[in-house]
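Read through the structure below, which is laid out as structure tokens, and then see the notes.
We did not get these values from a lab; they are worked out from the coordinates using the rules stated. These numbers come from a predicted model, not from an experiment. Every residue, glycine among them, receives a Cβ derived from its backbone with ideal geometry; neighbour counts consider all protein chains shown.
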Amino acid sequence: MKILVTGGAGFMGSDLVRKLAKTEFKVSVIDKLTYAGDAKRIDEVFDFINFYREDIADMESLFNIFEKEKPDIVIHYAAETHVDRSILNPDIFLRTNVMGTLNLLQVSMKFKVKKFIHISTDEVYGELPLDSNEKFTEDSPLKPNSPYSASKASSDMLVRAFIETYGFPAIIVRASNNYGPWQYPEKLIPLAISKLISGEKVPMYGTGENVRTWLFVEDFSEAVLQIMEKGREGEIYNVGSSEEKKNLEVIKELLNILGKSEDYIEFVPDRPGHDLRYAVDTTKILKDLGWKQKVSFEEGLRKTVEWYIENKDWLFEKKQHIDKFVAKLKEEFAKIS
């Protein structure tokens, strides 16, 4: 069985690639290696995969790769994912997330791929009130609020259109916030860790009341593997945890792990269009496939902190670029406000 993973040098995709490369599957990876991609994430399995540094928005390159590899299964992680960056440069997100996905669908159909797993996000549903117990189900309407989530909702709709129009064997997977080793430090948890172990304050948007559900990346990879094996074509699966945390609570847990006081929190003006709360109902994947979260947030967060401390060189190399970007964000968001 031949499996092609797009975005396989990214944070989430690389975790799956490291698992797949140790199995009997023949694995190939496409990754453009943008600022957020890093081949170091798959160094340990590089000799066991075929790697292509290409852009999924380049149809000719995709065609050549598919002609050579002839994959049975495509797992599509490749995407621009950072909301803050999408506010500044939405065109990049449309190119990769929409046109790139369309290219993949077309070439996958041409080469008769047996299963296409599209990795999406819970952000396509929009936001929930802070004071409710409501959760998004797979049937909830899509109401994206950022250029990023709008681009992902658009790609979801393209996948659905190919399922309905062409009978294409695709599955959509909507993930809650993933965290863990190797995550690029522009996202909340690795950004906070990089700041704290450098003795700097952690910037906190608004009052820190925004709520997310957090899932350890290895748990998400296990869900994708089960969906690949047993998931039904044409279905959507929400994949998340039952652990809702305010952003402020997350930072306070990191402060506790690292032995820092709350003086290390710096409240900054909120970003434009900041969704209040995400929460997904995972009843369907539990009932249909038997998948559920294994790693608690407390355990996963400690493992994550330990990994970043052990890999400070990698973290600080990335942090240099992030510090410049955060300064630029502050200026640009001030103009929008």
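Quick notes on this one:
- Build a GNM of the chain with springs between Cα atoms under 10 Å apart, and of TYR184, TYR77, TYR52 the one that fluctuates most is TYR52.
- Full extension of the chain segment joining SER198 with THR23 gains 59.1 nm, where the gain is 0.36 nm per residue of separation less the Cα-Cα distance.
- In region 192-337, taking the dipole from charged Cβ atoms about the Cα centre, the farthest positive-side position among PHE297, ALA223, ILE265 is held by ILE265.
- Helix content alone sets the calculated 222 nm mean residue ellipticity of the chain: runs of n ≥ 4 DSSP H residues at -39500 (n - 2.57) each, divided across all residues, give -13000 deg cm²/dmol.
- Measuring r between the beta carbons of LYS70 and THR34 and using R0 = 30 Å, the FRET efficiency lands at 0.70.
- Dipole magnitude of region 101-141 about its Cα centre (Cβ charges: Lys, Arg +1; Asp, Glu -1), debye to nearest 20: 720 debye
- When the pairs LYS2/LYS303; LYS187/LYS230; LYS40/LYS330; LYS230/LYS294; LYS143/LYS187 are compared against a 25 Å limit on Cα-Cα distance, LYS2/LYS303; LYS187/LYS230; LYS40/LYS330 fall above it.
- Environment charge of LEU16, counting only residues whose C-beta is closer than 10 Å and scoring Lys/Arg +1, Asp/Glu -1: -1
- Nonlocal amide H pairs with PHE267, under 5 Å, H built at 1.01 Å: MET204
- If the chain linking LYS287 and MET1 were pulled fully straight, counting 0.36 nm for each residue of separation and taking away their Cα-Cα distance, it would gain 100.3 nm.
- Based on the convex hull around the alpha carbon atoms, region 112-184 presents an average projected area of 6.8 nm².
- Sum of side-chain charges, GLU123 neighbourhood, beta-carbon under 12 Å (Lys, Arg +1; Asp, Glu -1): +1
- Its Cα centre serving as origin, the chain has a Cβ charge dipole (Lys and Arg +1, Asp and Glu -1) of approximately 520 debye.
- Filtered trypsin sites (Lys or Arg not before Pro), region 166-242: DSSP coil and at most 12 other beta carbons within 10 Å: ARG232
- Inter-centroid distance (Cα atoms) of region 54-73 relative to region 171-201, Å: 30 Å
- Highest GNM mean-square fluctuation among ASP131, ASP38, ASP122, for the chain modelled with Cα contacts below 10 Å: ASP131.
- Average silhouette area of the chain, convex hull of alpha-carbon atoms, in square nanometres: 16.0 nm²
- Applying a DSSP loop filter and a limit of 15 other Cβ atoms within 10 Å to the GluC sites (Glu not before Pro) in region 10-105 leaves GLU24.
- Counted by Cβ distance under 13 Å from GLU299, the other residues give a net charge of -3, where Lys and Arg count +1 and Asp and Glu count -1.
- Cα centre as origin, Lys/Arg/Asp/Glu Cβ charges: region 210-300 dipole, Debye: 220 debye
- Relative contact order for the chain, counting Cα pairs under 8 Å that sit 6 or more residues apart, in percent: 17 percent
- Taking 0.36 nm per residue of separation and subtracting the current Cα-Cα distance, fully stretching the chain between LYS328 and MET157 would add 58.3 nm.
- Within region 226-286, the GluC sites (Glu not before Pro) that combine a DSSP coil assignment with at most 14 other C-beta atoms in a 10 angstrom radius are GLU233.
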